[in-house]
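Take a look at the structure set out below.
The values are calculated or read from the model by the stated rules, or taken from the named source; none is laboratory data. Owing to the predicted nature of the structure, the values given are computational and were not obtained by experimental measurement. Glycine also receives a Cβ, built like all others from the backbone with ideal geometry; neighbour counts cover every protein chain displayed. For accessibility, only protein heavy atoms count, side chains too; no ligands or nucleic acids. Shrake-Rupley method; radii C 1.70, N 1.55, O 1.52, S 1.80 Å.
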Amino acid sequence: MKRIMTTAGLSLFAGSASASGVDDAINEFVAPIVNPFVGMIFSPLPFIDVNVPWIVVWLVVAAIVFTLYLGFINFRGFAHAIRLVKGDYTDPNEPGEVSHFQALATALSGTVGLGNIAGVAVAVSIGGPGATFWMILAGLLGMSTKFVECALGVKYRNTNPDGSVSGGPMYYLSKGLANRGNPAFGRTLAVLFSVCAVGGALGGGNMFQANQAFKQVVGVTGGDLSFFADKGWLFGLIMAVIVGVVIIGGIKSIAKVTEKVVPFMAIIYVGAALVIILVNYTHIGPAFAAIIDGAFTGSGVAGGVVGAMIQGFKRAAFSNEAGVGSAAIAHSAVKTKEHMSEGFVSLLEPFIDTVVICTMTALVIIITGQLHEGQELTGVALTSAAFESAISWFPYILAIAVVLFAFSTMISWSYYGLKAWTYLFGESVRAEMTFKIMFLIFVVIGASMNLGPVIDFSDAMIFAMALVNIIGLYRLVPEIKADMNDYWSRLQSGAIVRHKA
């Protein structure tokens with residue numbers, strides 16, 4: 001391991017030609033190994049003519065089942081979720097490490113990211129304005145999945161001797177399924193989940209974020225003439241130092257940063273979107289008409305009704321990660337003795353990520369007239385062009401947003417990966433520091449190289465987490481329904497005390 005890390009570290013300081021050669025060598029070596037796994041996770045459903053990844057259907061069907069089974073808790077519990085985040089029911093003496101708001105901010109920082117900027121643009125450019133409707137619907141349904149997994153995360157968390165906590169799917173899969181008579185199956189699922197979580201944290205939650213942030217900074221600082229153009233290693237090193245300062249302090253340090261960064265980046269991005277929407281207020285009505293028309297009549301850039309539905313569902317699933325289980329790790333650290341309370345708090349996560357922020361991106365693209373036949377722009381370039389058409393200097397704001405999104409995602413996924421790592425190798429200072437150092441090295445690697453197959457593999461690992469996690473959720477959701485009904489009755493009777501009016 002030391003030899004591998006030393007070789008990787010030395011390669012960071014090679015020239016661009018050498019780096020390109022290293023990239024090609026890595027891709028040639030890794031691609032044959034990872035491509036079959038990637039193909040399996042993202043393969044389309046068989047026996048139908050439409051190209052839709054089965055993993056998207058797996059996530060959406062689970063969200064529908066949980067929404068119906070829990071009596072539309074995503075809508076019934078929304079107002080209570082807001083009161084919890086405000087601190088109305090907070091008792092500072094309850095066990096845990098972070099507040100409801102900090103837990104929500106940490107989880108949001110792991111999901112709100114480049115998918116909200118680039119992914120939405122891809123969805124509407126392929127599926128048309130109608131994709132926005134299905135994206136919103138999938139986001140609303142995903143709230144129920146988050147409710148189940150985050151409540152379970154707190155219910156089955158471990159409290160360590162030093163007062164810190166460890167929770168998430170690996171714990172409720174192993175302990176919860178053991179309680180239901182399936183201990184070996186639960187441990188197997190927990191180990192599989194943890195391995196995938198570590199891989200996803202190092203790749204999609206780390207290297208990809210650093211890589212995209214680097215490219216955006218280079219783009220707004222002169223492109224090929226930028227000081228950073230051939231210094232990916234330097235940008236990565238700067239990011240690694242900043243990330244390291246935060247993650248060394250653990251979840252409390254991460255939560256203190258995310259509770260400030262998440263609202264700030266949301267204000268920057270959503271604020272700019274609102275300005276554009278309000279300036280073009282006469283186009284709001286036609287934009288929503290195009291969204292509804294495209295969702296149900298098939299009009300749009302491409303794909304008709306089915307194409308719009310697939311793109312909308314895909315973007316929502318990839319953006320808010322409902323069912324992946326990652327957010328349950330962050331929510332498990334909350335200060336509460338009522339595990340169901342964090343289920344309610346987590347309802348807000350897909351709503352903010354998908355229903356609000358993703359919809360804002362889609363509306364700006366539609367309202368500014370950037371969505372048209374024969375368009376060549378897609379992804380972040382389309383989003384940037386849409387904002388730039390109304391705010392000429394917005395690419396600079398977008399660069400700040402991308403860096404903030406990348407930074408917040410990295411610090412959250414460092415915690416997810418850490419908890420998966422310590423589940424596999426034990427809770428110890430040595431195990432924690434080993435993972436944190438490895439994570440920071442991968443920040444530099446991610447900014448320095450174009451690791452195509454590696455990133456594809458890490459994305460597949462993240463959605464493999466969903467495959468494992470949802471199997472457990474189906475088995476454990478009956479007890480969450482019972483716990484929810486008990487909590488709800490105690491809330492209405494006043495047995496659950498409201499500390500702030």
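Things to note:
- Within straight-line reach of Lys314, meaning a Cα separation under 26 Å, sit the following lysines at least 8 residues removed in sequence or on another chain: Lys146, Lys215.
- Cross-link pairs beyond the 19 Å C-alpha cut-off, checked among Lys260/Lys337; Lys335/Lys436; Lys175/Lys335; Lys337/Lys436; Lys252/Lys335: Lys260/Lys337; Lys335/Lys436; Lys175/Lys335; Lys337/Lys436
- Long hydrophobic helices in the chain, taken as whole DSSP H segments with a C-alpha length of 30 Å or more on their own axis and mean Kyte-Doolittle hydropathy at least 1.0: 130-155, 250-279, 394-425.
- Ordering of 442-449, 55-62 by packing [mean C-beta count within 10 Å, highest first]: 442-449, 55-62
- Peptides ranked, highest mean first, by Cβ atoms within 10 Å: ranges 100-106, 288-294: 100-106, 288-294
- Whole-number percent relative contact order across the chain, with pairs defined as alpha carbons under 8 Å at least 6 apart: 35 percent
- Over the chain, accessible surface divided per residue gives 39 Å², non-protein components excluded, 1.4 Å probe.
- Accessible area of the chain belonging to carbon and sulfur atoms, whole % at 1.4 Å probe: 67 percent
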